[in-house]
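Chemist: Sharing a structure, written as structure tokens. Questions coming.
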Amino acid sequence: MAVETDWIERLNGEPTARDAALADLRELLRTKLRHAFSSSGDAFVEDIAQDALLKIHTSLDAFEGRSKFTTWALTIAVRVGYTELRRMRWKDVSLDQLTGNANAVDASRTDSQNEPVASAARKQLVDDIHAIIEEKLTQKQRDVLQAELSGMPQEEIGRRLGSNRNAIYKLTHDARKKLKKELEQRGYSQEDLEPG
């Protein structure tokens, strides 16, 4: 197995080193994913590990070194797994079923065996969102976005800031765009950001 400091170098290296690094990373992901998705079976774990390897390899430039490489890679792999579980869960559910059955959403919740992993992934997403809001948005963007997320209408936000609705819309649009870009750079996909 690779030492933390040489994963990127090996994955970007000569074909022999890259192939060996991919094999090592695949085995590490498979081992960890078996624990996270123990009730989903080996075939599911194999597919997720392979999909995650592709995503990790194409996102190497996004790794900023704020955590261990293996932690970053495993986070991506778990997200890939949960995205696939969400996709599988909703595959055979029609809109008519949802509108006709008020309990459909509750029935689709993650099973209790996977709940600790799901909870940790949700907590990480929320922590990342808060960090991005604090680090990357201007004070005005933070204020407007937080007011909007609290349910305040844009007209009221504009009135309180001495601005108009169009200016507030543009400010929140730019803030959301920046937030989405930063989340993508941290390895989140659009499906990770949708309510599950």
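The values are calculated or read from the model by the stated rules, or taken from the named source; none is laboratory data. Treat the numbers as computed from the prediction; the structure is a model and nothing was measured. When we count neighbours, we look across all protein chains shown, and the Cβ atoms used for this are built from the backbone with ideal geometry, even at glycine.
Chemist: What do you reckon, is His35 surrounded by fewer than 16 Cβ atoms within 10 Å (Cβ to Cβ), in contact (Cβ under 8 Å) with a residue 40 or more places away in the chain, assigned to a helix (DSSP H, G or I) and not assigned by TED's automatic domain parsing to the domain that holds Ser119?
Modeler: It is false that His35 is surrounded by fewer than 16 Cβ atoms within 10 Å (Cβ to Cβ), in contact (Cβ under 8 Å) with a residue 40 or more places away in the chain, assigned to a helix (DSSP H, G or I) and not assigned by TED's automatic domain parsing to the domain that holds Ser119.
Chemist: Can we say Ala175 is small (Gly, Ala, Ser), farther than 27 Å from His57 by Cα and assigned to a helix (DSSP H, G or I)?
Modeler: Yes, satisfied.
Chemist: Same structure again: Of all residues in region 38-50, count the ones that are part of a helix (DSSP H, G or I) and under 22 Å from the mean Cα position of the chain (by Cα).
Modeler: Total meeting the criteria: 7.
Chemist: While we're looking at this one, here's another question. Only one residue in Thr16, Thr58, Thr71 is over 23 Å from Glu191 (Cβ atoms) and among the polar types (S, T, N, Q), so which one is that?
Modeler: Sole residue among the options that is over 23 Å from Glu191 (Cβ atoms) and among the polar types (S, T, N, Q): Thr16.
Chemist: Looking at Glu182, Glu191, which one is in a helix (DSSP H, G or I), closer than 30 Å to Leu54 by Cα and modelled with pLDDT of 85 or more?
Modeler: Glu182
Chemist: Give the residues of region 11-32 that are surrounded by 15 or more Cβ atoms within 10 Å (Cβ to Cβ) and in contact (Cβ under 8 Å) with a residue 12 or more places away in the chain, sorted by residue number.
Modeler: Leu11, Ala21, Leu22, Asp24, Leu25, Arg26, Leu28, Leu29, Arg30, Lys32
Chemist: Sort out for me the helices (runs of 4 or more DSSP H) sitting completely within region 57-143 that have 3 or more residues that are modelled with pLDDT under 65.
Modeler: 95-100, 104-107
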